[in-house]
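All remarks here apply to the structure that follows.
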Amino acid sequence: MHWADVIAERLAKQGDSHVIATGITPSGPIHVGNMREVLTADLIVRSCERIGIDAELVYIADTADPLRKVYPFLKDDEYSQHVGKALATIPSPDGNGNYSNYFLTPFFEALNDLGVEYRVVDSYQSYQEGKYTTAAKTAIDNREKIRDIISEISQRPLNDDWFPYNPVDDEGKMHGVKVTHCEWPWIEWQTENGHTGRTNIEKGGGKLPWRLDWPARWDWLNISFEAYGKDHSAAGGSWDTGQHLSPIFGSPPPMGMMYEWIYLKGKGAMASSKGNTVSGKELLDIVPPEIMRFLITRVKPSKHIDFDPGEGLISLADEYERLEQKYHTKLSTLEHKSVEESSRKEQQLIDEARKFELAQGIRSGTSYDGGLGISFSHLSTLCQIKSKNADLLDSLARTHGIDVTQPDSRLVDRVGRMRNWLNSEWFPENARIKLANSIDSRQFEENEIDFLNTFSDNIKEIRWIEDEILTAIRGTISTSELAPREAFTSLYRSLLDRERGPKLGALLAELEKQDILDLLDGIN
RNA sequence: GGGCCUGUAGCUCAGUCAGGUGGAGCGACGGACUUUUAAUCCGUUGGUCGCGGGUUCGAACCCCGUCAGGCCCGCCA
């Protein structure tokens with residue numbers, strides 16, 4: 001059974017209506033690693049829908065979190081003054097609006113692109129509106145008890161002056177602010193510089209520390225499931241203390257599931273603080289949403305993913321396409337048998353089907369149609385040799401029977417992304433089509449050289465269009481002692497310096513005839 | 001020091017919760033097709049399940065230990 005379906009079944013045993021939570025701090029570009037959390041939650045929502053139970057995805061934007069430091073992508077002189085302030089209260093790097101929205105906007109665009117449906121809870125706003133007031137009161141009333149629990153579970157004693165609420169000072173900063181006195185709803189504080197003042201908890205004059213904020217929101221949002229990053233999962237970590245603190249706020253803890261991080265191949269864990277990230281938006285600029293979803297659906301959450309935006313992305317797309325074919329030819333009609341009444345082989349097939357279904361951007365309930373039938377590889381070739389979309393569509397009209405006047409919007413969409421990919425730093429060099437610089441005759445047999453020379457002669461007088469080039473190739477093969485396959489391999493090896501390649505007729509037509517002739521002249 | 005996750009075919013992963021003859025895809029190899037190929041179809045190959053013990057009639061799976069990689073144990077999220 002697919003892991004998302006396993007979770008859905010467990011949730012179904014607990015009730016028929018669930019709130020699935022996900023939360024990411026918009027302190028920087030929201031990368032593919034962060035997206036795993038939201039997509040994991042989305043898959044579980046969809047699995048719930050499949051078996052007929054209600055599930056709502058709630059995204060908590062941690063906009064009340066303070067800016068921890070000046071990240072590498074920020075200007076030091078501009079942002080050092082804002083360290084410690086809530087993300088929602090500091091200016092955006094581009095000068096428009098606030099900091100958190102600057103990073104949330106592209107993230108939401110990516111989610112919409114991915115077909116994720118969610119409700120946003122803005123934590124800064126929630127504090128302002130008093131949504132956390134009850135929890136804050138509970139936390140302060142139970143200060144001793146909570147301190148004992150955290151100290152015991154995390155194996156680290158908290159200081160005597162520990163207070164379960166972090167107030168902001170008169171500059172809006174939370175770092176290094178000590179609570180000196182509390183008389184509900186007022187909290188008195190002192191900064192490291194000796195400044196004193198007071199803020200109103202009911203008006204969002206600060207926030208709960210993370211270890212309390214988490215279980216507090218479980219209660220007021222009625223969360224029944226949350227996937228959390230592996231950094232939270234160790235004994236004594238925030239998930240662990242949350243389990244014990246949750247009852248104090250009035251609810252049992254939600255069901256949870258740890259997920260592993262996504263690593264950038266060869267560069268370590270994706271982390272915006274280190275700058276080695278691919279944002280969700282960036283990835284969606286170059287591949288369609290179903291490929292990005294497939295990245296997540298194909299592997300259990302406990303596995304780390306070594307994300308390779310180059311060749312790895314090509315194989316991911318290939319794998320997706322093969323699965324798409326298989327799905328439409330044999331998997332879509334598969335009966336969803338229970339684990340008990342099916343063999344492991346059947347289970348593996350059902351898993352594959354689910355990996356595909358859950359990768360679809362469209363919601364359950366709509367039909368999964370036959371796909372585009374045009375492979376990514378072919379598309380990458382076409383985009384490389386046809387610089388104009390009109391020419392590209394003409395080519396597809398001949399080979400794939402598409403309607404040039406009304407091309408499928410998904411096709412146009414994919415072409416756009418493919419062109420972005422080609423123009424990006426990620427597109428792998430060995431998938432790029434380049435005419436060889438020269439031909440090393442020693443690498444070829446005599447009959448191959450004869451063939452290439454004849455071919456060179458045969459194309460001298462033709463018009464440089466796809467049909468005539470093809471005719472010339474065929475004609476040359478028919479008079480050659482080479483088998484067609486060998487002949488084509490010779491052409492690929494000599495012209496492109498590779499064993500295989502895209503359709504030669506279309507490719508050569510896009511290149512300059514004289515360049516081909518010059519190249520072939522080099523043979524002796 | 002304490003803990004979590006991962007380790008299964010050359011590669012990417014299922015299978016571990018519910019112990020019962022080790023699976024899939026890719027790759028590689030072979031064949032078919034024979035005037036196109038980053039093609040398709042058919043077939044073959046492939047693994048002391050990280051390592052060592054234990055429990056069991058039977059262990060990839062449960063238990064103990066161990067090695068390797070990653071991560072956590074902060075008034076950070």
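The values are calculated or read from the model by the stated rules, or taken from the named source; none is laboratory data. What you are looking at is a predicted structure, and each value in this text was computed from that prediction instead of being measured. So basically every Cβ, Gly included, is an ideal-geometry build from the backbone, and we count neighbours across all protein chains shown. Side chains included, ligands, DNA and RNA excluded: accessible areas come from the protein's heavy atoms. Shrake-Rupley method; radii C 1.70, N 1.55, O 1.52, S 1.80 Å.
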Checklist entry - Which three lengths, in whole Å and largest first, does segment A:376-431 cover when its Cα atoms are put on their principal axes? => result 33, 18, 17
Checklist outcome for this item: Note to self: C-alpha centroids of segment A:393-437 and segment A:131-194 sit apart, in Å, by 57
Item to check | Farthest positive-ward along chain A dipole, Cα basis, beta-carbon charges - from A:ILE20, A:ALA269, A:GLY206 | outcome: A:GLY206
Checklist entry - Which of the GluC sites (Glu not before Pro) across segment A:467-524 are loop residues per DSSP, with 13 or fewer other Cβ within 10 Å? => result A:GLU481, A:GLU499, A:GLU512
Checklist outcome for this item: Sorted by chain and then number, the residues having a modelled amide H within less than 5 Å of the amide H of A:LEU208, at least 5 places away or on another chain, are A:ASN166
Checklist entry - Treating the beta-carbon of each Lys and Arg as +1 and of each Asp and Glu as -1, no other charges, what is the dipole magnitude of segment A:1-106 about its Cα centre, to the nearest 20 debye? => result 200
Item to check | About the Cα centre, charge dipole magnitude for segment A:47-122 (Lys/Arg +1, Asp/Glu -1 at Cβ), debye | outcome: 260
Item to check | Å² of accessible area per residue within chain A, as computed with a 1.4 Å probe and no ligands counted | outcome: 48
Item to check | Cα-only radius of gyration and Dmax that characterise chain A, units Å | outcome: 29.6, 98
Item to check | Separation between Cα centres of segment A:279-338 and segment A:42-103, rounded to whole Å | outcome: 27
Next on the checklist: Taking every DSSP beta bridge with both residues inside chain A, roughly what % is antiparallel (nearest 5)?
Outcome noted: 45
Next on the checklist: Taking 8 Å as the Cα distance limit and 6 or more residues as the minimum spacing, I'd like the relative contact order of segment A:376-431 as a percentage.
Outcome noted: 38
Checklist entry - GluC sites (Glu not before Pro), restricted to segment A:257-340: which are DSSP loop and have at most 14 other Cβ atoms within 10 Å? => result A:GLU335, A:GLU340
Checklist outcome for this item: With +1 on the Cβ of every Lys and Arg and -1 on the Cβ of every Asp and Glu, the dipole magnitude of segment A:143-201 about its Cα centre, in debye rounded to the nearest 20, is 160
Checklist outcome for this item: Of all trypsin sites (Lys or Arg not before Pro) in segment A:433-496, the ones in DSSP coil with at most 13 other Cβ atoms within 10 Å are A:LYS434, A:LYS460, A:ARG463
Checklist outcome for this item: The set of residues whose placed amide H lies less than 5 Å from the amide H of A:ILE60, leaving out same-chain residues fewer than 5 positions away, is A:THR22, A:GLY23, A:ILE24, A:VAL121
Checklist entry - Got a number for carbon plus sulfur as a percent of chain A's accessible area, 1.4 Å probe? => result 45
Checklist entry - What list of ³J(HN,Hα) values in whole Hz, one per residue of segment A:91-104 in order, does the Karplus curve 6.51 cos²θ - 1.76 cosθ + 1.60 (θ = phi - 60°) give from phi, with Gly and Pro shown as x? => result x, 6, x, 9, x, 9, x, 9, 4, 5, 5, 4, 8, 6
Checklist entry - How much accessible surface does A:ASP122 have with a 1.4 Å probe, in Å² rounded to 10? => result 40
Checklist entry - Which one of A:LEU504, A:PRO167, A:ILE350 is farthest out on the positive end of the charge dipole of chain A, using unit charges on Cβ (Lys, Arg +1; Asp, Glu -1) and the Cα centre as origin? => result A:PRO167
